[in-house]
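The block underneath contains the structure these notes are about, expressed in structure tokens.
The values are calculated or read from the model by the stated rules, or taken from the named source; none is laboratory data. Remember, it's a predicted structure, so these values are computed and weren't measured experimentally. Glycine also receives a Cβ, built like all others from the backbone with ideal geometry; neighbour counts cover every protein chain displayed. The accessibility values were calculated without ligands, DNA or RNA, using every heavy atom of the protein model including side chains. Shrake-Rupley method; radii C 1.70, N 1.55, O 1.52, S 1.80 Å.
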Amino acid sequence: MNEIQYIGEQLRPGQLGHFFVIFSFVMALFSAFSYFFATRDEQHNSNSSRVWMLIGRNTFILHAVSVLSIFIALYYIISHHLFEYNYAWAHSSRSLPMKYLLSCFWEGQEGSFLLWSFWHAVLGIIVMFTSKQLESRTMTIIAIIQVALASMVLGFYLTPDIKIGSTPFMLLRDKMVDAPVFAQANYLALIKDGNGLNPLLQNYWMTIHPPVLFLGFALTLIPFAFTIAALWKNDYQTWIKPTRIWSSVAGGVLGLGIMLGGAWAYESLTFGGYWAWDPVENASLVPWLTLVAGLHTLIVFKATQRSLPITLIFFILTYTLIWYSTFLTRTGVLGDTSVHAFTGEGNSLYWHLLVVIGFILIVSTTLLIKRWKTLPRIATEEATASREFWMFIGSFVLLLSALQISISTSIPVWSPLAKWITGKDIAPPSDPVSHYNSIQIWVAIIIALLSTAALYLKFKKTDVKSFWKKTALLAAVAIVVTIFIAVAQKITGIQYILLLLASVYAVLANSYYALAMQKKLKKMGPAISHLGFALLLLGILISSYNKEVISLNTLGVTMDFGKKTQQENIKESRENSILFLNTPVAMSEYMVTYKGDSVSDADPRTFYKVLFDRYDTSSKKLVESFMLYPDAFINPKGQEGLMANPSSKHYLNRDVFTYITSAVDPSKVEDTASYVKHTVKKGDTIFLVNGYLVFQDFEDANYSDNTGALSVKARLKAYDLKGEAGELKPVYSITEDAFQNSKEDTLRSFNVYAKFVKVNPTDGSIDLLIKQRDPKDDYIVLKAFIFPYINVVWLGIIVMFVGFILTAINKILKKETVKPTSKA
């Protein structure tokens, strides 16, 4: 049987891409071995060590160039819509705007692994030229991890059933080998478009959030690599400075990446918020908690030579948890509990990731055990009135927080084992928000207080009277401010009052510490990052506690929202308002009117125009008016249903947040309205259901149907209760042989259609056919919230990020003398 010669396939980009995948894997492997041999020989043969070091550097640079080449090849395939490749067909389409093509890159498993590897390559080159005497050991670890990541996109079969990685350069005909279409040589002529990007990812935040988040993931490798290098060399003093710098940058970037995901959820998802304790959110949060804990115990070690063992454990645990979060989100184990998780690539990826996690744990644990007895320790106990004692307590609380979140998030992983042992099913919490909040609120209170108080304590020992003297007045002011905010915002409940007090105290005390006690900007990093965290907690509390649903259903209609129980449907129905076209509905201080929708051939979404008017309560005058445009994909990718994106009005002190929960599908609406004839003269009025039309005058049509007809427009102005609301200009034409024709015009906001069908020369009147669809045939169901002071959340994130980066910059610029390790 002759092999089919396929027509139109562009195979060169895929061949080049696959070549660079293999080359990057080989070069990372060579680099890892070279750096390892450089480490082995540095004690006995310095010349040999230098040669191996040079080979390691050059092969890692070649690896980095290969990763960049893979990135370029895959982006070329996506951006040029080469649908002969499965990745381009599965994740992109011709209608996608250019700004979303990058989102296609990291929507899939392979692309996101490549993004992660790209950041590792960039950071590895920086470490290569800055890590000095720790280079060989640190780069050995980085190169090994790059080998692991490169293997994720190899797509190599060891046996027919065992595959290593999944290549992004697989052809569509190889992915769907049994599809009949590939029996035709010109199959590409039949594939008009790709499957398209997930509608939820068609948001500008998704071009920003994944790169920042994966940079945060990648940055956690560097403190881990330095930690393994320190254990390997048994040198913990040269390790401190680079690890503190890199962990500060990692803490800032990873925290920012996580909360950019919150911003995406706020702008794109419809749960009405920025954090839902979704398992994927939790999986990225947990490593950040342990990283921050490790950063603080590292500071303790630098100042007092205490807490080294727990610091090493924190950095090892952090990077292990990064890979564990990858396992959770990519293997499909969270498929039923998370809206964000990948569906998984079967058992091959499952075991592949477990092998990587196992390797990381075995190497790091073996080294830690080997060095455990010789790790520097201080024999005496810390003074309770010391900074290091309370920093350790705070780090331990963060560890407990991470454990609670991890255990609950991992229920789908360990519940089968628990069922096998106990015979009972253990399900994830039915209300995850309440489940996590009930515990984590106390963690937030403790951390807010400790992160503030620790700054006013000194290492080794503090004068307690001096401490209380500095903090008592701040605490008193915080109590007064807390009472004021609690009364104004109607906050009750002991845990919420305590969180409010802790947040306010932390804002005041960290601000005072930075401005009055540090004074120099470069030294303000810790206080500013703690201030940002306090602002974040304050914003979360106020915006969430007083989040108000304003779209209250006053019609008493119960709608089907697909909830598990009828009671849940009734509750949701009470919080969703039906808006008929051009029919105002009261929502809190606003009158809200659905003004129609708009679509574009260039965008698959339907945009709904929702007008918000606010009137002065005494004078009844209009004081504010704005239009929101919540949008939705109707029947996305051929599936029945609606996928909505919110729209918000941003104020300094609140957001008005809206999204569509239901809308009329135009393809399923039967038009039962009929045309009614009206004979009118200039200035005459035609009354409608929600307004009226006035025939103004004739206009030159400037319209040709290529028949030489004489054409004229009738200009009709539409009015509603507020005044002029639009125009209609139907066209009437007549040919030389007296053939009459009309071109209809529509005014969508009124749902009115007009035809100009006749001119009556005897009295100057015209005949119009007017049709207005019943407003009840066009409606949307809208949910609207008011989020008070949500900008405090975003401000807190920015301030915290700035604090982390300031800390790193200060450490980079500061010249430090390496002290010998104390083994007392």
Using label points projected 7 Å from each Cα along Cα→Cβ, tell me how many nm separate Glu744 and Phe687, to one decimal.
2.5 nm
Hits among lysines - C-alpha to C-alpha of Lys571 under 23 Å, sequence gap 8 or more where chains match:
Lys547, Lys563, Lys783
Relative to the present Cα-Cα distance, how much length would full extension add between Ile570 and Tyr204 at 0.36 nm per residue of separation?
128.3 nm
Taking 24 Å as the cut-off for C-alpha to C-alpha distance, list the pairs among Lys99/Lys163; Lys620/Lys729; Lys717/Lys771; Lys681/Lys717; Lys677/Lys713 that go past it.
Lys99/Lys163; Lys620/Lys729
Heavy atoms only, probe 1.4 angstrom, no DNA, RNA or ligands counted: give me Ser529, Ser430, Ser742 ranked by accessible area, highest first.
Ser430, Ser742, Ser529
Separation between the His650 and Ile426 pseudo-spin-labels, each 7 Å from Cα along Cα→Cβ, expressed in nm?
4.3 nm
If I model a spin label as a point 7 Å beyond the Cα along the Cα-Cβ vector, how far apart are those points for Met176 and Ile798 in nm?
4.6 nm
For Gly262, the net charge from surrounding residues (Cβ-Cβ under 11 Å; K, R +1; D, E -1) works out to -3
Added length on full extension, which subtracts the Cα-Cα distance from 0.36 nm per residue, Arg12 to Ile378
125.5 nm
Helix-only [θ] at 222 nm, the chain, -39500 (n - 2.57) per DSSP H run of 4+, per residue, nearest 500, equals -17000 deg cm²/dmol
Can you give me the convex hull volume of the Cα atoms of the range 7-99, divided per residue and expressed in Å³?
97 Å³
Evaluate E = 1/(1 + (r/R0)^6) for Phe484 and Val464, where r is the Cβ-Cβ distance and R0 equals 30 Å; express this FRET efficiency to the nearest 0.05.
0.50
Which of the DSSP-defined H helices in the chain satisfy a minimum axial length of 24 Å, computed from C-alpha atoms, and a minimum mean Kyte-Doolittle hydropathy of 1.0?
46-79, 109-128, 209-233, 279-304, 308-330, 347-371, 387-409, 432-456, 464-489, 494-512, 525-545, 791-813
What are the extents of the Cα atoms of the chain along their three principal axes, listed from largest to smallest and rounded to whole Å?
113, 85, 58
Taking Lys758 as the anchor, which aspartates and glutamates have their alpha carbon closer than 17 Å to its alpha carbon, excluding any fewer than eight residues away along the same chain?
Asp684, Asp697, Glu699, Asp700, Glu736, Asp737, Glu744, Asp745, Asp767
Mind grabbing the base-10 log of I(q)/I(0) for the range 1-197 at q = 0.14, 0.15, 0.16, 0.18 Å⁻¹? Debye formula, identical points on the C-alpha positions, no solvent, two decimal places.
-0.81, -0.89, -0.96, -1.12
In this structure, the FRET efficiency calculated for Phe19 and Ser46 from their beta-carbon separation, with R0 = 35 Å, to the nearest 0.05, is 0.45
Extension gain Ile407-Glu548, at 0.36 nm per residue separation less the Cα-Cα distance, in nm?
47.6 nm
Dividing the convex hull volume of the Cα atoms of the range 676-777 by its residue count, what figure in Å³ per residue is obtained?
102 Å³
Can you give the net charge of the other residues whose Cβ lies under 15 Å from the Cβ of Ser131, counting K and R as +1 and D and E as -1?
+4
Could you please put Met139, Met98 in sequence from largest to smallest accessible area, using a 1.4 Å probe?
Met98, Met139
To make sure I understand the rule: partners must be lysines, Cα under 18 Å from the Cα of Lys460, and not fewer than 8 residues away in the same chain. Which ones qualify?
Lys302, Lys819, Lys823
